[in-house]
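Novice: Sharing a structure with you now.
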Amino acid sequence: MSIPSVGGASRDGYGKALLRLSEDPRVVVLEADLGKSTKSCHFRESFPDRTISMGIAEQNMMLVAAGMASSGKVPFASTFAIFTERAFEQVRNGIARPGLSVHICGSHGGIHTGTDGSSAQSIEDLAIYRSIPKMTVVHPCDDLSAEELTVQLLGIEGPSYTRTVRNKVTRMYDDESKLDLKIGVGSVLEEGADVAIFACGVMVEQACNASSTLSEEGINCTVVDMHTIKPLDTELLSKLAETCGCFVSAEDHSIIGGLGGALSEWLTTNKPIPLEMVGVRDRFGESGDTSDLMHEVGLTSEAICKAARISINRKNAS
Amino acid sequence: MDGAETDRISELEEMARRCRMDIVKMTHAAGAGHPGGSLSAIDCMVALYGTTLRFDTNNPDWEDRDRFVMSKGHASPAMYALLHQMGVLEESDLLSFRKLGSVCQGHVDMNWTDGVDFSAGSLGMGLSFGLGCALSAKMDSSERRIWVMLGDGETQEGQIWEAVMAANYHNANNLRVIIDRNRIQNDDFMGVQMEIGDIGGKFESFGWNVREVDGHSMSDIVDAISWAETNELGPTAIIANTIKGKGVSFMENNPEFHGKAPNNEEVEIAMGELS
């Protein structure tokens, strides 16, 4: 892996992906007055005739997208992650139930969003969309992977939800390594036999930092960028359950129902090994500087290190 | 009205009568379903399919067909009765209504039934879906037109007004709506539950073309549909004043038959009245 660089936020990757997707004339973009934030604005500038402003009306946007999908278009509809939730039933009944290929992007996901406070910090989106049949759920960690994975959505059947985030983060990929990414396949960033850390979104960087710290203690970690929450890469889970014997999950999302929840469901019914979860522990966020907030809520590399040590101890004790 | 026109109206009225019998039969067979709102909407639906709507019963997925979006999806018996009378569905399909594996799902579903363009069941969503179809047609420079059947009760949903606003803003002049104004919703009369008032005026205030008709006068409905087809500026709404349960005496204007099937005794009376 080359030296990481600070890149754009994952929402920037979404914006770039839409421009690449424009080559397919079926692609249309829907916005709900947040195009400048979700970065669909770049598509609008280049393709105003294929961009539809829906105003501040998310429920209508979801069903307009559904109608367009039924008419042969491939709609990409975006707003803040939290506001997609307002239209949850529209997504469930109007898009997913008939299996229409509408691709929803919720930007500004997670506590990482920062100073706007708890009303803007979606911490349950991955859980609710994961519960919908036929839905693909993606949460990339940086701009390059967001761009690559968004472009791949064109090739999948049925609806999808992609969560992007507001703030810039350290890149986990470069222009070459991003080409290895594939929806539904966990991306192994580091390999070690003591514990497997599965992270998504902004917590992937923290997982890599934790791995560095732990290696100084002689603990070797596998770190996986689990950018696809659904469908879950159970082949990888199965393999790492054998080689590592204990897991940690790390996500800027509630520990209820997200990546940790998905891992827990699989482990419980397939391979009951220890899992420690790092995530938002059944609470709302608050306003604050992103770094301060992540510490306040417990979304840090230190928290991942602690969780890894506990998971390893549980494995050794069993 | 000349002789040919009179004959055409009589044919449509006869088709609506046969549809009404299907509606009663299939809800009775299922022991469930929504006869009241099906009987109120059926005249408008027959008028639409019998005159202007472009579709091909041998190729229900024809890309450039006009779309009919049944937003009040619980009135599915009206849709299935119509598809039966047009030869898309068999009598046995109607009699399997609401049973496991049936092509006649409880609420209309585009993935289960040929000739159904929208998966409904949750009120307030169909107009937005129709708008999506309308905007796509315009992008494709297609002549296809989009008709949406709304219940008056579902105009209580906020999403309807999001779509009403957006349709005019985006100049969806290929979008037409019929509102089945039967004044009864699930629990009771709208006047008891939540009266919407002047629906037409509300649509007009958002820039829509609006006409009000007697939703059980076949000639008036046909006229209004033909008027709607000539509007080139903005979207169009037809407010069809109807009677819930129309055609079956004990169901007419009776909130009880919003979502209740006729029993063995009632089905005999109903079929007698419709024969």
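Derivation of every value follows stated rules applied to the coordinates shown; laboratory data play no part. All values reported here derive from a predicted model rather than from experimental measurement. Cβ coordinates were reconstructed from backbone atoms using ideal geometry, including for glycine residues, and neighbour counts include every protein chain displayed.
Novice: At q = 0.22 Å⁻¹, what base-10 log of I(q)/I(0) does the Debye formula yield for the stretch A:184-317 when every alpha carbon is treated as an equal point scatterer in vacuo?
Specialist: One equal scatterer on each Cα of the stretch A:184-317 leads to -1.36.
Novice: Cut-off under 21 Å on the C-alpha distance; same-chain residues fewer than 8 positions from residue A:36 excluded. Which lysines are left, in chain and number order?
Specialist: A:16, A:168
Novice: Need the list of aspartates and glutamates near residue A:239 for cross-linking: C-alpha distance under 17 angstrom, and skip anything on the same chain fewer than eight residues off.
Specialist: Output for residue A:239: A:190, A:191, A:194, A:225, A:265.
Novice: Compute the distance in nm between two label points, each set 7 Å from the Cα along the Cα-to-Cβ direction, one at residue B:90 and one at residue A:217.
Specialist: Those two pseudo-labels are separated by 6.9 nm.
Novice: Ok, one more. For a quick check of your reading of the filter: which chymotrypsin sites (Phe, Trp or Tyr not before Pro) in the stretch A:216-295 sit in a DSSP loop and have no more than 13 other Cβ atoms within 10 Å?
Specialist: A:284
Novice: Going down the list A:73/A:134; A:134/A:178; A:73/B:138; B:25/B:99, which pairs span over 24 Å between their C-alpha atoms? Write out the running numbers ahead of the final one.
Specialist: Values: A:73/A:134 19 Å; A:134/A:178 26 Å; A:73/B:138 12 Å; B:25/B:99 15 Å.
Table pairs above 24 Å Cα-Cα are A:134/A:178.
Novice: For chain B, what is the mean residue ellipticity at 222 nm derived from helices alone (per DSSP H run of n ≥ 4: -39500 (n - 2.57); sum divided by total residues; nearest 500 deg cm²/dmol)?
Specialist: -13500 deg cm²/dmol
Novice: In the Gaussian network model of chain A, springs joining C-alpha atoms below 10 Å, which of A:31, A:23, A:124 carries the largest mean-square fluctuation?
Specialist: Judging by the Gaussian network model, the answer is A:23.
Novice: Another question, if that's okay. Out of all DSSP beta bridges in the stretch B:156-275, what portion is antiparallel? Express it as a percent rounded to 5.
Specialist: Close to 10 percent.
Novice: Compute the orientation-averaged projected area for the stretch B:1-137 from the convex hull of its Cα atoms and round it to one decimal in nm².
Specialist: For the stretch B:1-137, averaging the hull's shadow over all directions gives 8.6 nm².
Novice: Please give every one of the aspartates and glutamates within straight-line cross-link reach of residue A:39, meaning a C-alpha to C-alpha distance under 15 Å, and leave out same-chain neighbours fewer than 8 residues apart.
Specialist: Output for residue A:39: A:12, A:31, A:142, A:143, A:147.
Novice: Follow-up question, since we're still on this one. With θ taken as phi - 60° and the coefficients 6.51, -1.76 and 1.60, list the Karplus ³J(HN,Hα) couplings across the stretch A:283-300 in order, rounded to whole Hz; mark glycine and proline as x.
Specialist: Per residue, the Karplus-derived 3J(HN,Hα) values read 8, 8, x, 7, 6, x, 4, 3, 4, 4, 5, 4, 5, 4, 8, x, 9, 9 Hz.
Novice: Sum -39500 (n - 2.57) across every DSSP H segment of at least 4 residues in chain A, then divide by the residue count to get the 222 nm mean residue ellipticity, nearest 500. Each step should come with its number before you reach the end.
Specialist: Values: 12 runs with 116 residues, N = 318.
So the helix-based figure for chain A works out to -10500 deg cm²/dmol.
Novice: Mind giving me the nanometre distance, one decimal, between the label points for residue A:316 and residue A:243, set 7 Å out from Cα along Cα→Cβ?
Specialist: Computed distance between label sites residue A:316 and residue A:243 equals 2.2 nm.
Novice: Now a separate question. Let me know the longest stretch in chain B that avoids all trypsin sites (Lys or Arg not before Pro) found in a DSSP loop with at most 15 other C-beta atoms within 10 Å. Walk me through the intermediate numbers first.
Specialist: Working: sites that count: B:54, B:99.
Here the longest segment lacking exposed loop sites spans B:100-275.
Novice: With a 10 Å cut-off between alpha carbons and a GNM built on chain B, which of B:264, B:182, B:174 moves the most?
Specialist: Most flexible of the set in this elastic network: B:264.
Novice: Enumerate the calculated ³J(HN,Hα) couplings along the stretch A:271-279 in order (Karplus 6.51 cos²θ - 1.76 cosθ + 1.60, θ = phi - 60°), each rounded to whole Hz, writing x wherever the residue is Gly or Pro.
Specialist: 8, x, 10, x, 9, 10, 10, 10, x
Novice: So if we plug the beta-carbon distance of residue B:100 and residue A:292 into 1/(1 + (r/R0)^6) with R0 = 45 Å, what FRET efficiency do we get, rounded to 0.05?
Specialist: 0.20
Novice: Given an 8 Å cut-off on Cα distances and at least 6 residues of separation, report the relative contact order of chain A as a percent.
Specialist: For chain A, the relative contact order is 18 percent.
Novice: Shifting gears a bit: Once you sort the root eigenvalues of the Cα gyration tensor of chain B as a ≥ b ≥ c, which label holds: rounded (a/c under 1.5), prolate (a/b larger than b/c) or oblate (the other case)?
Specialist: Since a/c stays below 1.5, the shape of chain B is classed as rounded.
Novice: 5 Å is the cut-off here: which amide hydrogens, built 1.01 Å from N in the peptide plane, fall below it relative to residue A:105, excluding neighbours closer than 5 in sequence?
Specialist: A:77, A:78, A:79, A:162
Novice: Sticking with this one: For the stretch B:95-137, take N as its residue count and report Rg(C-alpha) divided by 2.2 N^0.38 Å.
Specialist: The stretch B:95-137 yields a ratio of 1.32.
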